[in-house]
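Colleague: First the structure, which I've put down as structure tokens, then a few questions once you've had a look.
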Amino acid sequence: MNIRIDQLGAAADAQDREAAVTAQVQAMLRLEQLGTLQVASMPFQPPTAEYPAVPQLLGRAEIEITTRAGKTRQTRQMYAVLDGYSAPLSAGQFVDLAQKKAFDDTKVVATDESSVTFTADAAKAPKRTVPLEIFVVGDEEPTYGETLEEQGRFKERTVLPFNAYGTIAMLHPPDDPNGGANSFFFLKADPSYTPAGLNTLDGAFSVIGYVVKGEDALDDLLAGDAIESVKVLSGLELLKQSGK
């Protein structure tokens, strides 16, 4: 971490944005590894009784996402870390869908300057919904079912904020924050335009993790391009299926 922080400082002094982002990501990866080593088990009990149909990720998982361009057929890989310590139900839903290969050979639904939306194959996905899941800094466990605005806590900071290019979050219908299921989106917007705690996304959508390598592939994705595959590289043993 010290090496990466020194590199980050040097990049900042040189005003080298690309090198700074790379050093920041690498430093955060080391911090994530350190944090994982210090957590012996889940720091709270996920709400199994309230949401018995939803799988839980009881820890962190690493995933590989392979995309395929519609015109050139070129494939690219992105790697992400999903945080079940902070969003066990939402991250559990994603890992379960990946395990069932529900994302494989699906189309990118929509792209714009700020996001990329993708959806699992409904034929391979269980028919269930996942509640909005928000973990506020200082709380002992996530809250469920209400946005932070609905809770009157819209100014509070979340443990998993929308402050990084490649943030992954669950999408839900505009009028139903608890209607999330099989659709997710990547944040593409520059973090300087969506600082944590100062945007309309924090506390309104369930963040499940972050792309930590290959996030530049998001810039090239177009609607109609494909998610060729989503593979769980580690952490699958931490997935607890519903009712078990």
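Colleague: Restricting to the stretch 4-27, and then to whatever is more than 20 Å from MET78 (Cα to Cα) and either open to solvent by less than 60 Å² (accessible area, probe 1.4 Å) or of a type in the set (Gly, Ala, Ser) (or both), can you tell me which residue is farthest from the chain's Cα centre (by Cα)?
Modeller: In this case the residue turns out to be ALA14.
Colleague: Next up: Quick check on the stretch 164-172. Is at least one of its residues open to solvent by less than 10 Å² (accessible area, probe 1.4 Å), of a type in the set (Gly, Ala, Ser), modelled with pLDDT of 95 or more and touching a helix residue (DSSP H, G or I) at 6+ places or on another chain (Cβ under 7 Å)?
Modeller: Initial filter on the stretch 164-172 (open to solvent by less than 10 Å² (accessible area, probe 1.4 Å)): 166-170.
From what's left, of a type in the set (Gly, Ala, Ser): 166, 169.
Going one step further and asking which of them are modelled with pLDDT of 95 or more, we end up with 169.
Subsequent filtering for residues that are touching a helix residue (DSSP H, G or I) at 6+ places or on another chain (Cβ under 7 Å) retains none.
Scanning the stretch 164-172, I find no residue that is open to solvent by less than 10 Å² (accessible area, probe 1.4 Å), of a type in the set (Gly, Ala, Ser), modelled with pLDDT of 95 or more and touching a helix residue (DSSP H, G or I) at 6+ places or on another chain (Cβ under 7 Å), so the answer is no.
Colleague: Out of curiosity, is LYS124 more than 18 Å from the chain's Cα centre (by Cα) and either β-branched (Val, Ile, Thr) or within 29 Å of THR200 (Cα to Cα) (or both)? Don't jump to the end; show me each part of the working.
Modeller: Numbers: more than 18 Å from the chain's Cα centre (by Cα): yes; either β-branched (Val, Ile, Thr) or within 29 Å of THR200 (Cα to Cα) (or both): no.
In short, no.
Colleague: Which numbered condition trips up ALA223, out of (1) open to solvent by less than 60 Å² (accessible area, probe 1.4 Å); (2) over 25 Å from LEU31 (Cα atoms); (3) assigned to a loop (DSSP other than H, G, I, E, B)?
Modeller: The failed condition is (1).
Colleague: Exactly one of these conditions fails for GLU228: (1) assigned to a loop (DSSP other than H, G, I, E, B); (2) at pLDDT 90 or above; (3) surrounded by fewer than 21 Cβ atoms within 10 Å (Cβ to Cβ). Give me its number.
Modeller: Going through the list (1) assigned to a loop (DSSP other than H, G, I, E, B); (2) at pLDDT 90 or above; (3) surrounded by fewer than 21 Cβ atoms within 10 Å (Cβ to Cβ), GLU228 breaks only (1).
Colleague: Which residues, taken from the stretch 98-119, are in a loop (DSSP other than H, G, I, E, B), open to solvent by 10 Å² or more (accessible area, probe 1.4 Å) and either within 19 Å of ALA53 (Cα to Cα) or in contact with a strand residue (DSSP E or B) (Cβ under 8 Å, 6 or more places away or on another chain) (or both)?
Modeller: Narrowing the stretch 98-119 to residues in a loop (DSSP other than H, G, I, E, B): 100-105, 112-114.
Filter again for open to solvent by 10 Å² or more (accessible area, probe 1.4 Å), leaving 100-101, 104-105, 112-114.
Correct list: LYS100, LYS101, ASP104, ASP105, SER114.
Colleague: State yes or no: is LYS107 in contact (Cβ under 8 Å) with a residue 60 or more places away in the chain and charged (D, E, K, R)?
Modeller: yes
Colleague: Something else about it: Over 14 Å from ILE208 (Cβ atoms), among the hydroxyl-bearing types (Ser, Thr, Tyr) and open to solvent by 10 Å² or more (accessible area, probe 1.4 Å): which single residue out of THR67, THR75 fits that description? Break it down into steps so the answer makes sense when it comes.
Modeller: On the way: THR67 fails: open to solvent by 10 Å² or more (accessible area, probe 1.4 Å).
None of the others qualify; the one that does is THR75.
Colleague: Looking only at residues in the stretch 66-97 that are within 12 Å of the chain's Cα centre (by Cα) and part of a strand (DSSP E or B), which one is farthest from LEU171 (Cα to Cα)?
Modeller: Only one residue fits best here, namely TYR79.
Colleague: Of the residues that sit in the stretch 141-163 and are surrounded by 19 or more Cβ atoms within 10 Å (Cβ to Cβ) and touching a Ser or Thr at 6+ places or on another chain (Cβ under 6 Å), which one is modelled with the highest pLDDT?
Modeller: By that ranking, first place goes to LEU160.
The values are calculated or read from the model by the stated rules, or taken from the named source; none is laboratory data. Here the structure is a predicted model, which is why all the values come from computation and not from measurement. Neighbour counts run over all protein chains shown; Cβ positions are idealised from the backbone, glycine included. The accessibility values were calculated without ligands, DNA or RNA, using every heavy atom of the protein model including side chains. Shrake-Rupley method; radii C 1.70, N 1.55, O 1.52, S 1.80 Å.
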